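**Q** Just passing along the structure, written as structure tokens.
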Amino acid sequence: MTRRFALIGHPVAGSLSPRMIAAAYGGRYSYDLLDFERFEDAWQAFRDGYYGINVTAPFKQDAFARVDALSERARATGAVNLVVPCADGFMGHNTDVDGVLMALQETGEPFLQALVVGTGGAARAAVYAARALGCEVCVCGRSMEKASALGCPAFSFEQARSLRPDLVIYTLPGRVEVPEGLPFEEATVLEAEYRIPRLERIPCRRYISGRRWMLWQAAAGYRLFTGEEPDVEEMMRAL
């Protein structure tokens, strides 16, 4: 039986994931978008008809709590963006880490000081990846409590204006207005959002589109889904 895959989250309209997996494997696998306001409804839809799922906002931490086993990166970040079967039930992975690492490594730049903007599942992956690259990392967000929970120095948006990072990883959703005064000008900026990007024209040293993050996390995820190597060049063309 052909394996079926899907993305769960809210909202998911406009996701490039179906186009990406079609390009990765020449259309051999189906991929659906499952948009639910409640995680329980999305999880049940997955259980009823799919081998594996990607998980996007706002369900990454719900999925973390629901799976039966966790990869090392999922455990370390406290967030799950991909679920596949395992011997004990369902295994949660975090391929957002792969997306951040590859999007930054392909620049060839060294980074020392990273500011992660946001406190959700994508921010947790960004903190992990930036530390793996050797950065000193701090976080800013709307909630100081949530920012502090990411395990590094936490700042309000206002306090973050005085920082001078050489890397900013921006994870706020596209529907959220960009906080004023954040220190982009001297930094390489990686934006997680690719459907409604907010920072494409903001003055900065270098801008990295969320499509690079999307590409590399998808490639890592599709290997886990299928056990096959995806055609990354075709995925790039699809993007």
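**Q** Only residues that are open to solvent by 40 Å² or more (accessible area, probe 1.4 Å), touching a Pro at 6+ places or on another chain (Cβ under 9 Å) and over 13 Å from Thr226 (Cα atoms): list them for segment 25-42, please.
**A** Asp32, Leu33, Asp35
**Q** While we're looking at this one, here's another question. Please work out which one of (1) at pLDDT 95 or above; (2) more than 17 Å from the chain's Cα centre (by Cα) is the condition Tyr222 fails and give its number.
**A** Among (1) at pLDDT 95 or above; (2) more than 17 Å from the chain's Cα centre (by Cα), Tyr222 violates only (2).
**Q** Can you go through Ala45, Ala57, Ala13, Ala22 and tell me which one is hydrophobic (A, V, I, L, M, F, W, C), in contact with a strand residue (DSSP E or B) (Cβ under 8 Å, 6 or more places away or on another chain), open to solvent by 20 Å² or more (accessible area, probe 1.4 Å) and within 13 Å of Ala218 (Cβ to Cβ)?
**A** Unique residue meeting the criteria: Ala22.
**Q** Considering only segment 192-219, state which residues are of a type in the set (A, V, I, L, M, F, W, C), at pLDDT 95 or above and more than 17 Å from Asp231 (Cβ to Cβ).
**A** Ala192, Leu199, Ile202, Cys204, Ile208, Trp213
**Q** May I ask you to verify whether Phe111 is closer than 30 Å to Arg205 by Cβ, touching a helix residue (DSSP H, G or I) at 6+ places or on another chain (Cβ under 8 Å) and open to solvent by less than 20 Å² (accessible area, probe 1.4 Å)?
**A** yes
**Q** Of (1) farther than 25 Å from Arg75 by Cα; (2) of a type outside the set (A, V, I, L, M, F, W, C); (3) part of a helix (DSSP H, G or I), Pro110 satisfies all except one. Which?
**A** (3)
**Q** Let me ask something additional. What are the pairs with Cβ atoms under 7 angstrom where one residue, in segment 76-101, is on the phi > 0 side of the Ramachandran plot and the other, located anywhere, is among the charged types (D, E, K, R)? Sequence gap at least six, or different chains.
**A** Gly78/Arg124; Gly89/Asp68
**Q** Right, another one. Quick one: is Val127 open to solvent by less than 20 Å² (accessible area, probe 1.4 Å), of a type in the set (A, V, I, L, M, F, W, C), in a helix (DSSP H, G or I) and closer than 25 Å to Ala6 by Cβ?
**A** No; evaluated as a whole, the condition is false for this residue.
**Q** Then there is this: Name the single residue that is farthest from Thr171 (Cα to Cα) among those in segment 130-150 being open to solvent by 50 Å² or more (accessible area, probe 1.4 Å) and outside any helix (DSSP H, G or I). Spell out how you get there, then give the answer.
**A** Our first condition is that a residue be open to solvent by 50 Å² or more (accessible area, probe 1.4 Å); within segment 130-150, this holds for 131-134, 136, 142, 144-146, 148-149.
Those left that are additionally outside any helix (DSSP H, G or I): 133-134, 136, 142, 149.
On the way: Leu133: 18, Gly134: 20, Glu136: 18, Arg142: 12, Ala149: 16 Å.
The extreme case among them is Gly134.
**Q** In segment 151-239, which strands (runs of 3 or more DSSP E) lie fully inside it and hold 2 or more residues that are under 20 Å from Ala79 (Cβ atoms), open to solvent by less than 30 Å² (accessible area, probe 1.4 Å) and touching a residue at least 40 places away in the same chain (Cβ under 8 Å)?
**A** Filter on segment 151-239 gives 167-170.
**Q** May I ask you to list the residues in segment 1-23 that are more than 18 Å from Val84 (Cα to Cα) and either part of a helix (DSSP H, G or I) or more than 18 Å from the chain's Cα centre (by Cα) (or both)?
**A** Listed by number, the residues that qualify are Arg19, Met20, Ala22, Ala23.
**Q** Right, another one. Against the definition (in contact with an Asp or Glu (Cβ under 8 Å, 6 or more places away or on another chain) and open to solvent by less than 20 Å² (accessible area, probe 1.4 Å)), how does Val83 come out, yes or no?
**A** No: the conditions fail for Val83.
Residues are listed down the side, and each one gets a yes or a no for (1) under 28 Å from Glu185 (Cα atoms); (2) of a type in the set (D, E, K, R):
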| position | (1), (2) |
| --- | --- |
| Gly52 | no, no |
| Ala69 | no, no |
| Gly78 | no, no |
| Asp88 | no, yes |
| Leu101 | yes, no |
| Pro110 | yes, no |
| Thr119 | yes, no |
| Ala122 | yes, no |
| Cys140 | yes, no |
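The values are calculated or read from the model by the stated rules, or taken from the named source; none is laboratory data. All figures in this text were calculated on a predicted structure; none of them were measured in a lab. Every residue, glycine among them, receives a Cβ derived from its backbone with ideal geometry; neighbour counts consider all protein chains shown. For the accessible areas, the whole protein counts, side chains as well, though only heavy atoms, and no ligand, DNA or RNA atoms are used. Shrake-Rupley method; radii C 1.70, N 1.55, O 1.52, S 1.80 Å.
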